[in-house]
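**Student:** Dumping the structure here so I can ask a few things about it.
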Amino acid sequence: MVGVPKEQPDNVDVRVGMQIRLIRKERGMSLDMLASQIGVTYQQVQKYESGTNRVSASTLARIANALNVRIGDFFLEEESVSETSFPMPDHQCIMIARKIGSLDPDLRRSLADLVEALARKA
């Protein structure tokens, strides 16, 4: 319809999309890699991650399988992320992970290697 404002994404859809993106980046997986594993285009994954498009239950199950997490992990609040199957103990870790995701892939890999080495020594 002409003149009808576009509906804003639902907060739950945005939250699920943010969690998909956070977990995907934590796993070091590109948009293309996830898209090919779940059978959609990388543009579609971008739309899921932004909350622009809702993720169907079957697609969410494929995403969870590809990322090796439980479906419920996509619905947790940031404060509850430490309860998920991936190690992210607090809010600061989540914020760091988001920033690391924007780094050059080679630099990101080097940083991940450093963090792994530090964790082994801890």
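**Student:** Residue separation times 0.36 nm, minus the C-alpha to C-alpha distance between Arg54 and Ser102: what's the value?
**Tutor:** Value of the extension gain: 14.9 nm.
**Student:** Whose amide H sits under 5 Å from the amide H of Asn53, counting only residues 5 or more places off or on another chain, with H placed in the peptide plane?
**Tutor:** Tyr48
**Student:** Here's another thing I want to ask about it. Just subtract the alpha-carbon distance of Val115 and Asp10 from 0.36 nm times their residue separation and send over the number in nm, one decimal.
**Tutor:** Working: separation 105, 0.36 × 105 = 37.80 nm, distance 3.54 nm.
Stretched out fully, the Val115 to Asp10 stretch lengthens by 34.3 nm.
No value in this document is a laboratory result; all are computed from the given coordinates. Being a predicted model, the structure only gives us computed values, none of them experimental.
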